[in-house]
Amino acid sequence: MSAIAIDTGGMPPPKRPRGRPRKSVDARDDGNRRKDLLAAAARLFRRKGFAATTTRDIAGAAGMQSGSPFYHFKNKEALLYAVMESGMHHALERQSTVVHSDAYAQLPAAQQLHALVRMHFEILLGRGNDFVPVMLYESRSLPPRQRKALAELIAAYEATWLPVLERLHQQGLLRAPVRLARLLMLGALNWSVQWFDPKKGADLAPLTDAAVALFLKESE
């Protein structure tokens, strides 16, 4: 395709602004409403279950009109997937922050595992962290294509644990074979969302210590 010459009268063309264009106030507010919608949906999906939660419930919890969720998401299933995808991306970001820190790199393998377990508990059990627990128990409500996409995110998250577990196995500190230990460990940690209750004085520090002790031998 040939270029079309445009007479500019000898004036140089205007410079394009560098970087991303600034968002308008409406666009920023729209993004905030989407975040509020996701947070409200995650909270209700976790407490009531996906099937028992209506879009009217979610809109009300987010302070919106009943039809507003459909401006952001095609249907309730799309909203459910967005909750799970957002939760996994947040988990991957948190994990990356931990494992790429200088402090983490200098820890022995047992302490690295302790840091991973503590981070995982914070993702599951911290205040407002309803996103990943929803994924753990409602993913069957998604179509196969979306389940596959989530599985890829989960695999990326869990892959970070394997090098640590392999070093612990080489040191004779791991109580089970590496891949079995990973499955059992993450399964046990994930189940904590069913019984952990911070209102009863539960604390993540001793919980982390106890979880690590289940899978590691004491060093001689």
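Key figures
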| item | result |
| --- | --- |
| Wholly enclosed helices (runs of 4 or more DSSP H) of the stretch 130-220 bearing at least 1 residues farther than 17 Å from residue 116 by Cα and open to solvent by less than 30 Å² (accessible area, probe 1.4 Å) | 131-138, 144-159 |
| Residue check for residue 127: within 18 Å of the chain's Cα centre (by Cα) and in a loop (DSSP other than H, G, I, E, B) | yes |
| Helices (runs of 4 or more DSSP H) contained entirely in the stretch 35-113, each with at least 1 residues that are at pLDDT 90 or above, over 21 Å from residue 162 (Cβ atoms) and open to solvent by less than 40 Å² (accessible area, probe 1.4 Å) | 55-61, 76-99 |
| Residues that are surrounded by 15 or more Cβ atoms within 10 Å (Cβ to Cβ) and at pLDDT below 90, drawn from the stretch 114-129 | 129 |
| Hits in the stretch 146-179 (condition: free of Cβ contacts under 8 Å to residues at least 40 places away in the same chain and either over 23 Å from residue 77 (Cβ atoms) or touching a strand residue (DSSP E or B) at 6+ places or on another chain (Cβ under 7 Å) (or both)) | 158, 159, 162, 163, 166, 169, 170, 176, 177, 178, 179 |
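The values are calculated or read from the model by the stated rules, or taken from the named source; none is laboratory data. Quick caveat, the model's predicted, so the values are computed rather than measured. Don't worry about glycine lacking a Cβ; one is built from the backbone with ideal geometry, like all the others, and counts go over all protein chains shown. Each accessible area value is taken on the protein alone, full model and side chains, heavy atoms only, with ligands, DNA and RNA left out. Shrake-Rupley method; radii C 1.70, N 1.55, O 1.52, S 1.80 Å.
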